[in-house]
Structure formats: structure tokens, C-alpha cells
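The values are calculated or read from the model by the stated rules, or taken from the named source; none is laboratory data. Predicted model only: the values in this text are computed from it and were never measured. We place every Cβ from the backbone using ideal geometry, glycine too, and count neighbours over all the protein chains shown. Just the protein is used for accessible areas: all its heavy atoms, side chains included, with ligands, DNA and RNA removed. Shrake-Rupley method; radii C 1.70, N 1.55, O 1.52, S 1.80 Å.
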Amino acid sequence: MKKIGAALFGNKSLEVREFPDLEPGLNEVLIEVKAAGICGSDLHFYRSSPEELGARYGKIVGHEPAGIVIQTGNAVSKFKVGDRVTVNHTLGCGHCQYCHQGETVLCPTGKGMALADAGANTNVLKLPENTCLELPENISFEDGTFIACTGATAYNAVQQLRDQAVRNVVVFGLGPVGLSAILLLEKMGINAVGIDPIKSRRDFASSIGCRKIGDFTETEGLIKLSPNPEGFCGSIETSGASNAQSQAIDVLRPKGIAIYLGLSKGVPSISPEQFIHKQIRLQGSKVLPSWAAVEMMNFMQESNFSFEQLIREKIPLQRAAEAFEMFESGMSGKFILLPN
Ligand SMILES: [Zn+2]
Ligand SMILES: [Zn+2]
């Protein structure tokens, strides 16, 4: 199969080009990509200048693939040709203490898929077998892309609140991660309120069945959206906006938990006084470790849960530039590339 992929050249320039053919190494598999999600973090590189792209210049981005194994290296033991797979997109070194625990996301040397020449926005992908996860027959390739990043990031946050028996959660930001979190919370029977200042995002959230959606407003107004007048017991901050980072604490009742996922420009936004007096816990969170991604797939099967309602458009890989333009313009929902 001739490899083609969507490569970035800086300042929103993206071209679908041919790349050299791939040959799997000993412990590697070749995957025919059936679907690849565009992530908010891909937009960051899409907007970067050629200088900012650095080693990513001319490379294929993306880290949310799902597909079928079409070739295996000689030492591969876990997969065979024809297996359906998704990935844990954090490629660790494989031998540090974090990688041994399956926490590749904490690996100090772990680089992203693009830097490893394994960007997902392509028709055929070469990956180490230990990065791949078996995708059950009854989970679609589209859902498989969510398990690679967006859905798994949301699930990790939701699961941490669920472990603390949190019943009442506010989610800041209605991008794909925030929407995923709300759908998961609702499926688990946990009260979820979604907040976003952009009307089209709120409208999209309502259109896919999110029941409690509010505008971003002052703290008092947000607390009024909580069934408990003291405030919410948990918050999930996905937007990275400074004012939301601060309110994710202020809307909590005493001993509440604030989970932060949204990356920002690093502008200081909170002060300890906000969480000392109410004894609030702050928790940073990223994508799931592999073992927990398997647990998440079990949850999806047992509760008949799908992320597909979040998909705004499925677009052929050849039209990747158009897909990035639409996503970049702020359109709500998830964009999925279909390479084959
Ligand atoms: Zn992602
Ligand atoms: Zn490592």
C-alpha cells in the first residue's frame, strides 16, 4: 500500500503527500488506518510557524488512529494480520519505572507519535506492538479513535471523580473532551452541567443530548446551576482558559475535587487561598494508561456506550486540509479522517 499522509508545513499549511513505503521492524506492526480523529492538540501544531514546528516540520501529525493489522514483524506475538486495533498514543521508552507500570504518559523520554514518524493522519501506520490495543468487534473504528485520546482523557477524569463517589459535576469547555466527559457522566448516572461561553458549542451540546448546559458567567450564577446550594462536588476543566481554571475551584463545595485537563499558555490563574479554606483537592490528569483503556472498553461494551454522537464530520484523508480548516474555525464536535 502506497503511504500517503497529511503533513504540516507551518502557519496552517497542510498537504496530503506520498511518503516512503513502510517495513515493520521485529516488534512492530503495520496498521491500515480506518479512522483517525483530529485532536485539539493537532490544531496547536497546525497554527504553529515553520520554526515552531521544528522537528515536526513536514511530518504527519495525529495520534488518534484505529484500524486493522496488515503486517507483523518477526517477533510480534500479540497481534496477527486482520486484528482490529486502537492505540495508547503515548509512546514510552518501554523500560523506565513508569513504562513498566503502563503509565507511558509519565515517561520522561516518551515522545509523541509525530516525532516518532508515526503520525496517525495517514492510510498506513507503523507502530510498536506494545502501543496497540485490541479493539473488540462490537466497538467501531470511530469509537476506537476516541479510545486513543479524546475519550480516554475524559474517561480518566470522570473515573477519578467516580472513585471518590462524586455525584454532581460541572464541566468547563464543550470541545470534544468536555462533551465526552458529559456523555460519560450522564451514562454513569452522575449529574453533569456543561459550561461554555460560545453559543454554537452550547447548541451543539444540546443537540447531541447533553441535558444541562449553561453559559459561562460569574461564580454565583454557576453555583445556582448546582442541585446543592453549597456548590458542585467535582469540576473538570477542559478549556485551558484562565477564568475557567479559577472558577473550577470557586464553584466547588468544601472538600470538592477539581480536575484539570485543559492546556493553557501558562498564565497564572489561581491562588492557594481559593482552595485552602474549603480544603479543595486539585488534580492534574491526562490520557489513560493502557490497562485502564481496556477497562474503559469493557465499560463501553457493558453499558452500550458510544462516542459517535460527538462526530461532526467524517472526511476523506485527501480532504484533510478542509477538515483542519473547519475544526480550526471553532466548529463544535469531533472531526474524523477516513483514509481508506
Ligand atoms: Zn488527542
Ligand atoms: Zn519510559
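Within region 104-128, track down each residue that is of a type outside the set (S, T, N, Q), modelled with pLDDT of 90 or more and open to solvent by 20 Å² or more (accessible area, probe 1.4 Å). So that I can check it myself, show each step before the final result.
Of the residues in region 104-128, the ones of a type outside the set (S, T, N, Q) are 105-108, 110-120, 124-128.
Now narrow it down to the ones that are modelled with pLDDT of 90 or more: 105-108, 118-120, 124-128.
Hits for region 104-128 are 105, 106, 108, 126, 128.
So, of the residues in region 241-274 that are hydrophobic (A, V, I, L, M, F, W, C) and out of contact with any strand residue (DSSP E or B) (no Cβ under 6 Å at 6 or more places or on another chain), which turns out to be nearest to residue 87 (Cα to Cα)?
Of region 241-274, the ones hydrophobic (A, V, I, L, M, F, W, C) are 241, 244, 248-249, 251-252, 257-259, 261, 263, 267, 270.
So of that shortlist, the ones also out of contact with any strand residue (DSSP E or B) (no Cβ under 6 Å at 6 or more places or on another chain) come out as 241, 261, 263, 267, 270.
Numbers: 241: 29, 261: 20, 263: 22, 267: 32, 270: 35 Å.
For region 241-274, the residue satisfying everything is 261.
Could you look through region 31-45, keep only residues that are open to solvent by less than 10 Å² (accessible area, probe 1.4 Å) and more than 11 Å from ligand 1 (Cβ to nearest atom), and pick out the one that is farthest from residue 8 (Cα to Cα)?
Among those that are open to solvent by less than 10 Å² (accessible area, probe 1.4 Å) and more than 11 Å from ligand 1 (Cβ to nearest atom), it is 31.
Of everything in region 187-245, what is aliphatic (A, V, I, L, M), over 22 Å from residue 332 (Cβ atoms) and surrounded by fewer than 19 Cβ atoms within 10 Å (Cβ to Cβ)? Give them in sequence order.
Matches in region 187-245: 188 only.
For region 232-337, list the strands (runs of 3 or more DSSP E) that sit wholly inside it and hold at least 1 residues that are closer than 26 Å to residue 106 by Cβ and of a type in the set (A, V, I, L, M); which are they?
Qualifying strands (runs of 3 or more DSSP E): 232-237, 252-260, 281-284.
Within region 179-226, how many residues turn out to be assigned to a loop (DSSP other than H, G, I, E, B), under 21 Å from residue 241 (Cβ atoms) and of a type in the set (Gly, Ala, Ser)?
1
So which residues in region 145-173 are in a loop (DSSP other than H, G, I, E, B), more than 24 Å from residue 313 (Cα to Cα) and not β-branched (Val, Ile, Thr), if there are any at all?
164, 165, 167
Looking at this structure, is residue 144 open to solvent by less than 40 Å² (accessible area, probe 1.4 Å), over 15 Å from residue 293 (Cα atoms), touching a residue at least 24 places away in the same chain (Cβ under 8 Å) and within 14 Å of ligand 1 (Cβ to nearest atom)?
Numbers: open to solvent by less than 40 Å² (accessible area, probe 1.4 Å): yes; over 15 Å from residue 293 (Cα atoms): no; touching a residue at least 24 places away in the same chain (Cβ under 8 Å): yes; within 14 Å of ligand 1 (Cβ to nearest atom): yes.
For residue 144, the condition - open to solvent by less than 40 Å² (accessible area, probe 1.4 Å), over 15 Å from residue 293 (Cα atoms), touching a residue at least 24 places away in the same chain (Cβ under 8 Å) and within 14 Å of ligand 1 (Cβ to nearest atom) - is not met.
Scan (1) over 21 Å from residue 258 (Cβ atoms); (2) crowded, with 24+ Cβ neighbours inside 10 Å; (3) more than 16 Å from ligand 2 (Cβ to nearest atom) for the single condition residue 154 breaks and write down its number.
Result: residue 154 fails condition (1) only.
Taking region 260-314 only, how many residues are open to solvent by 30 Å² or more (accessible area, probe 1.4 Å) and free of Cβ contacts under 8 Å to residues at least 40 places away in the same chain?
The total comes to 25.
Can you name the number of the only condition in (1) away from ligand 1 (no atom under 16 Å from the Cβ); (2) out of contact with any His (no Cβ under 9 Å at 6 or more places or on another chain); (3) within 24 Å of residue 295 (Cα to Cα) that residue 94 fails?
Residue 94 satisfies all of (1) away from ligand 1 (no atom under 16 Å from the Cβ); (2) out of contact with any His (no Cβ under 9 Å at 6 or more places or on another chain); (3) within 24 Å of residue 295 (Cα to Cα) except (2).
Just to check your reading of the model, which residue among 102, 82, 54, 94 is more than 16 Å from ligand 2 (Cβ to nearest atom), at positive phi, in the same structural domain as residue 144 (by TED's automatic domain parsing) and part of a loop (DSSP other than H, G, I, E, B)? Explain how you work it out, then say what you get.
Details: 102 fails: more than 16 Å from ligand 2 (Cβ to nearest atom); 54 fails: part of a loop (DSSP other than H, G, I, E, B); 94 fails: more than 16 Å from ligand 2 (Cβ to nearest atom).
Result of the check over 102, 82, 54, 94: 82.
Cβ contacts < 7 Å: first residue farther than 16 Å from residue 24 by Cα, restricted to region 107-119; second residue surrounded by fewer than 14 Cβ atoms within 10 Å (Cβ to Cβ), any location; separation 6+ or different chain. Result?
Qualifying pairs under 7 Å: 107/93; 109/93; 110/93; 115/55.
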